[in-house]
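What follows is a single structure, written as structure tokens, with notes after it.
The values are calculated or read from the model by the stated rules, or taken from the named source; none is laboratory data. For clarity, every value in this text was computed on a predicted model and none was experimentally measured. Virtual Cβ from ideal backbone geometry, glycine too; neighbours counted across all protein chains shown.
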Amino acid sequence: MKEKLSTKNFILGFQHLIAMFGATVLVPALTGFNPAVALFAAGVGTLIFHGVTKGKVPVFLGSSFSFIAVISTVRDMEGGGLAYAQGGLFVAGLIYVLLSLMMKKISFDTIKKVLPPYVVGPMIIIIGLTLVPIAVDNAKTHMLVAGLTLAYVVLIQVFSKGLIKQMSILLAVVMGYGTAVVMDLLTNSNLVDFKIVTDASIAAIPEFTLPKFSLAAILTIVPVVLAVFMEHLGDITTNGAVVKQDFIKDPGLNRTLLGDGLATMFAAMIGGPANTTYGENTSVLAITKNYNPVNLRIAAVFAIILALVGKVGAVLQTIPLAVMGGISMVLFSMIAWVGVKTMKDQEVTWNLQSILVMGVMLLTGLGTSYLNKFFEIKIGIPVTDNVMITGLSLAAIVGVVLNLVMNLLLSDKEADQVKKAA
């Protein structure tokens, strides 16, 4: 029986669109891809993902930040063109598909043994806390507007009920936007640039481009797959923790990887950046407590429409960074809290092994991220001349390996005790 759509679904879907919009158009702005194509690819990619995962996972796929450095490298290496970067991204997506086939052969119990709650929890915390500086940078553009936007979210959450409470992110953005317009009138702050809307066309077909392939571009981009695999694992785990369902078990990590891979391959074929699951949308789920995957599919359709209607997309681009900074402070902090709650709900046993693994992961993930962010000191695992695994990806690798090693050591110790007893 098909679910009947209501006005509420469309409102909540639009809220999810607002949450992901800034980051999704920022990636093409930094790399040179067409923002309209990126939006179109994100919308279609999300629908592909939902089709592959049986419509069970409330996820939106947006432009991936992980590939920015290698895309820029290939773009410069190939004389300013992005077609060869598209080729590298297509192969990266194909590797995702191959990994999904491998995951199908691995049992659920094995995955859980490799990823116990005291490994998953810190991964989620690191995702949230490494994103917070991005929110702070945006908020710094106008601290008063950012602070008021943050306050709007909190006040709506505390004093409202029902649909109004579920719409807290969207309403806070509208109120923050209105505050920015008032600030412009009173202080000439120039927070909102309406010229973007004036210059935008009413309707236009995005400028799709086909990929080209070169071994150099592929070898530059493909190693990043290791990092984004760990990122995907963390995001799907976080999403499941928020929704209180185990998506690694059902529909399965193999299906989520397949959906992500096919979405990235589609984006590469039409001229968009790689797609990935978005923490911003997971945070919206956590705040609204509305986990209906239909809302995410509606957001995907809205993204496709925005790619084809220039004026509407331009209006969203006028949302000030300060407003998005205030909203993001709530969203990213909520992700970190989900990590803490995951460990609490899973009743993690506090012993030498769990404490050591969690401590090393948090120190590794946050330490390498913040050293790179604030001091431009890069510590990690070199992948290529221009890419280094740091932050969440490095913490995930270190945490998984350390936990497996400690499992073996403890098993050996128990075996020795059995022999001595005999």
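Quick test for you: out of T220, T256, T187, pick the one residue that is in contact (Cβ under 8 Å) with a residue 24 or more places away in the chain, among the polar types (S, T, N, Q) and over 21 Å from P122 (Cβ atoms).
None of the other options fit; the residue is T220.
Out of the residues in region 179-215 that are surrounded by fewer than 13 Cβ atoms within 10 Å (Cβ to Cβ) and under 30 Å from N254 (Cα atoms), which is nearest to the chain's Cα centre (by Cα)?
The selected residue is L210.
Tell me, which residue of region 339-363 that is of a type in the set (A, V, I, L, M) and within 12 Å of P117 (Cβ to Cβ) is surrounded by the fewest Cβ atoms within 10 Å (Cβ to Cβ)?
Out of the qualifying residues, it is V340.
Residue by residue through region 104-118, note down the ones that are surrounded by fewer than 18 Cβ atoms within 10 Å (Cβ to Cβ) and within 22 Å of the chain's Cα centre (by Cα).
Hit for region 104-118 is I111, nothing else.
What are the residues in region 307-331 that are in a helix (DSSP H, G or I) and over 14 Å from L150 (Cα atoms), if any?
A307, L308, G310, K311, V312, G313, A314, V315, L316, Q317, listed by residue number.
For residues in region 147-162 being of a type in the set (A, V, I, L, M, F, W, C) and in contact with a helix residue (DSSP H, G or I) (Cβ under 6 Å, 6 or more places away or on another chain), which is farthest from V284 (Cα to Cα)?
Restricting to residues being of a type in the set (A, V, I, L, M, F, W, C) and in contact with a helix residue (DSSP H, G or I) (Cβ under 6 Å, 6 or more places away or on another chain), the top hit is L148.
Scan (1) touching a strand residue (DSSP E or B) at 6+ places or on another chain (Cβ under 6 Å); (2) surrounded by fewer than 24 Cβ atoms within 10 Å (Cβ to Cβ) for the single condition V59 breaks and write down its number.
Single failed check for V59: (2).
Across region 288-297, which residue is modelled with the lowest pLDDT among those that are surrounded by 21 or more Cβ atoms within 10 Å (Cβ to Cβ) and farther than 26 Å from A92 by Cβ?
T288
Residues checked against (1) modelled with pLDDT of 85 or more; (2) of a type outside the set (K, R); (3) farther than 18 Å from F90 by Cβ:
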| residue | (1), (2), (3) |
| --- | --- |
| S214 | yes, yes, no |
| I218 | yes, yes, no |
| V224 | no, yes, no |
| F229 | no, yes, no |
| A241 | yes, yes, yes |
| K249 | yes, no, yes |
| L253 | yes, yes, yes |
| T256 | yes, yes, yes |
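Output the residue which, of all residues in region 119-138 that are surrounded by fewer than 24 Cβ atoms within 10 Å (Cβ to Cβ) and among the small types (G, A, S), is nearest to S100 (Cα to Cα).
G128
Name every residue in region 15-46 that is surrounded by fewer than 23 Cβ atoms within 10 Å (Cβ to Cβ) and touching an Asp or Glu at 6+ places or on another chain (Cβ under 6 Å), in order of residue number.
Selection gives N34 alone.
Looking at region 149-174 only, could you name the residues that are under 25 Å from the mean Cα position of the chain (by Cα) and of a type outside the set (V, I, T)?
L150, A151, Y152, Q157, K165, Q166, M167, S168, L170, L171, A172
Could you please tell me which pairs satisfy a Cβ distance under 9 Å, a separation of 6+ or placement on different chains, a first residue in region 321-336 that is in contact (Cβ under 8 Å) with a residue 12 or more places away in the chain, and a second residue that is surrounded by fewer than 24 Cβ atoms within 10 Å (Cβ to Cβ) and of a type in the set (D, E)?
From region 321-336, the pairs are L321/D137; G325/D137.
Out of the residues in region 82-103 meeting the condition of being under 22 Å from the mean Cα position of the chain (by Cα) and among the aromatic types (F, W, Y), tell me which one is surrounded by the most Cβ atoms within 10 Å (Cβ to Cβ).
Y96
Which numbered condition trips up K419, out of (1) exposed (fewer than 10 other Cβ atoms within 10 Å of the Cβ); (2) at pLDDT 80 or above?
(2)
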